[in-house]
Amino acid sequence: MSDEIQVDSFYRYLISEGYYFDKELIENYLLSLKVKPFEILTGNSGTGKTKLSQLFAKFLFVSNFPDVEMSLTKSVWDENWGTIKRSSIKDYLPINEFGGNFDIFIDGMPTKGKIYLQVQFQYDDENLKKYFIKLSKDQKSCVFKLSTELINNFLNTEVTTFEDVITISQTANSCSYDNNGKKPEWTLNNDYYEYTLFPKGWFTGKIIVDGNEYEGRIRILGKLTYDKNKEIQSYLRKHDGKNVKIEIKADGDLFKNIVPKKIFNDLIYAIIPVGANWTDNTNIVGYHNVITKKYQPTPAFELIKNAQDDPINPYFLILDEMNLSHVERYFADFLSAIESGEEIPLYGNEETLKLPENLFIIGTVNVDETTYMFSPKVLDRANTIEFDTLLAKDYMLYDGDEDDFKGDIAYLQSPLLDSNVSKLNVKDLEEKLSEIKCNEGSLWDELAKELTKFQKDLKGSGFDFGFRVINEILRFMIVAWRYEGSPDEWNNWERYFDAQIKQKILPKLHGSEKAIGKVLSNLFNSCLKDRDNNKNPKNFNVTRENSRYYTSAVKLQNMAKVLSDQRYVSFIN
């Protein structure tokens, strides 16, 4: 099935990875990133909460692999293979030159050696070969790109664990020289790959040349050379650099420098499992070690620093099972910083930590008896998105969805695009939303009426909402409108307002039947088209046809049923 899937959208990419989510849920998730850098994903264990954020980070990486302007060498169009310049892809594929020398022995003679890495590609298509020949005759270059599928195949490969001391031994049967004819270079055999993050062999997929796709493959090739040594050079000239025994010896930690300082998973995102014993923020930001007299960083701290150094790309800090401990104890500084923009004091250190605007914090919440309830302070500062459990038959018998996102896909999948919306105040919001028309007249007037209606439903319950929630809902409506093409008359606004009722208004609800029974009923009826008949949410047949805000009505109905059965309910039940 995956061979038929186009992975130019995140939705199609998820399917190619074997994950099936409701399209509206994905839209809500991506649009929410533009409005708020903090999201809470709630649902039963195994519903894909962590995986969705992980795969989105991965999708952004593989889908942004660069176009490489490639001049044509004879090998490209005559021998069906070529080499991609390291300088063109060093920021996208984890490929660095080795930063220092190490000991090598050539037929027992010691010297210092160096390894560098080369990216090679192959293709089989005769039409591509003819195209390369034509370009060569016309003395033209081409734009070369690796498909997301091919990069993804490479990144998914597991490799061997490092060892403390490494010895690689091989017989060099072939050798090439540099332009001066003095410095031999050997291709390393497969033993080399046991000690690097780069797996051996070819990785297949599509290569894209001037916009056209062809079957192809890539590999990372290790090349060995050494510092100038008159004795060895004289010896190798006699042997033409062939049939010599080469041994590479290095400390394992030193040898790790052959691979990048930051591998893919650490570069783009970090998944941090929250511990039940977390009582302060040191598990996230680290602390000053009084013994070493150095600051002791954490993976989360390193990710935040990476985001600071790379402001043009998004970074994702995923706090897995966030409510295993009291969130307010270890995350209070972050909540304040998200809201105020102030810096976080570092524990035992006079320095502070600034949360960069390209950092997104995703908290996952499993629903069971071992977890803690979030306080309104936490929920107020996040978009809370609920993940439903996929029916086994829908998962096992899934045969593909031909549809895709209906709006501006590039806009939707660029979390940093339009991020300034998160700073708009109510006057800015009024200026933009007042220009939009809907069936009921002015969208601004209609949103004001609807928000007031839900405020009144919550009045006296202790779950009312204020300026922060109102502004964030209005900001979400702006990015949703732009995602749908910024129409002058927007009659699909209720679908997105429905999402905000469920993400921003309902999550704080919890209590006994006496405390919130009437509130649930009022909110439920406000989600129906016919609001005046005081329907009982426990037995009313909710459909999209009779609902104005369908997903919120379904959620409220489920909460009302739990409340009736258990005498207590919360949003994350």
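Taking only protein heavy atoms into account and a 1.4 Å probe, give the accessible area per residue of region 263-327 in Å².
Spelled out: the 1.4 Å probe surface of region 263-327, per residue, equals 47 Å².
Leaving out ligands and nucleic acids, note down the accessible area per residue over region 1-86 with a 1.4 angstrom probe, in whole Å².
38
For region 275-370, rounded, prolate or oblate, judged on the Cα gyration tensor with a ≥ b ≥ c (square roots of eigenvalues), a/c < 1.5 rounded, else prolate if a/b > b/c? Walk me through the numbers before you get to the answer.
On the way: a/c = 1.73, a/b = 1.16, b/c = 1.49.
Verdict is oblate for region 275-370.
Take the cross-link list 305/354; 437/508; 23/305 and give me the ones stretching past 21 Å between alpha-carbons.
Violating the 21 Å limit, Cα to Cα: 437/508; 23/305.
Using a 1.4 Å probe over the heavy atoms of the protein chains, calculate the carbon and sulfur portion of the accessible area of region 379-537 as a whole percent.
48
Which lysines have a Cα less than 16 Å from the Cα of residue 200, not counting those fewer than 8 places away in the same chain?
Qualifying lysines at Cα under 16 Å: 223.
Quickly rank 497-503, 119-125, 529-535, 17-23 as a protection proxy: mean count of other C-beta atoms within 10 Å, highest first.
497-503, 119-125, 17-23, 529-535
How much length, in nm to one decimal, is gained on full extension between residue 513 and residue 127, taken as 0.36 nm per residue of separation minus their Cα-Cα distance? Show your work: numbers first, answer last.
Details: separation 386, 0.36 × 386 = 138.96 nm, distance 7.11 nm.
Between residue 513 and residue 127, full extension yields an extra 131.8 nm.
In a shell of Cβ-Cβ distance under 12 Å around residue 506, excluding residue 506 itself, what net charge do Lys and Arg (+1) and Asp and Glu (-1) give?
Spelling it out: positives minus negatives among the neighbours equals +1.
I'd like to check one number: the per residue accessible area of region 354-504, probe 1.4 Å, reported in Å² as a whole number.
Roughly 47 Å² per residue, with all protein chains present.
What residues qualify as long-range amide H neighbours of residue 417, i.e. H under 5 Å apart, gap of 5 or more or another chain, H built at 1.01 Å from N?
The answer is none.
Going down the table (49/85; 58/504; 49/432; 377/427; 459/529; 449/518), which pairs top 29 Å between alpha carbons?
49/85; 49/432
For residue 130, give me every one of the lysines with a C-alpha distance below 20 angstrom, ignoring sequence neighbours fewer than eight places off in its own chain.
The reachable lysines, counting only those whose Cα sits under 20 Å from residue 130, are 74, 140, 145, 206.
Rounded to a whole number, what % of the accessible area of region 281-331 do carbon and sulfur atoms account for, probe 1.4 Å?
Here it works out to 52 percent.
Got a sec? What order do 510, 239 fall in by accessible area at 1.4 Å, biggest, i.e. largest, first?
239, 510
Straight-line reach only, C-alpha to C-alpha below 12 angstrom: list the aspartates and glutamates that residue 245 could link to, leaving out same-chain residues fewer than 8 apart.
By straight Cα distance, residue 245 reaches 107.
Could you go through region 19-32 in sequence order and give the Karplus-derived ³J(HN,Hα) for each residue, using 6.51 cos²θ - 1.76 cosθ + 1.60 with θ = phi - 60°, rounded to whole Hz, and x for Gly and Pro?
With the stated coefficients, region 19-32 comes to 10, 10, 10, 4, 4, 5, 4, 5, 4, 4, 4, 6, 5, 5 Hz.
Enumerate the calculated ³J(HN,Hα) couplings along region 143-151 in order (Karplus 6.51 cos²θ - 1.76 cosθ + 1.60, θ = phi - 60°), each rounded to whole Hz, writing x wherever the residue is Gly or Pro.
Rounded to whole hertz, the list is 9, 10, 8, 9, 6, 4, 4, 5, 4.
Largest first, what is the accessible-area ranking of 271, 312 with a 1.4 Å probe?
Result of the area sort, largest leading: 312, 271.
DSSP loop (so not H, G, I, E, B), at most 12 other Cβ within 10 Å: list which GluC sites (Glu not before Pro) in region 492-573 pass both filters.
Answer in residue order: 545.
Sorting 440, 321 by accessible area (1.4 Å probe), largest first, what list results?
On the way: 440 85, 321 60 Å².
Sorted by accessible area, descending: 440, 321.
When all protein chains stay in place, what accessible area (Å², nearest 10, 1.4 Å probe) is found for residue 461?
30
The values are calculated or read from the model by the stated rules, or taken from the named source; none is laboratory data. Everything quoted here is computed from the prediction, not taken from an experiment. Note that each Cβ is placed from the backbone with ideal geometry, even for glycine, and that neighbours are counted across all protein chains shown. These area figures cover heavy atoms from the full protein model, side chains too; ligands, DNA and RNA do not enter into them. Shrake-Rupley method; radii C 1.70, N 1.55, O 1.52, S 1.80 Å.
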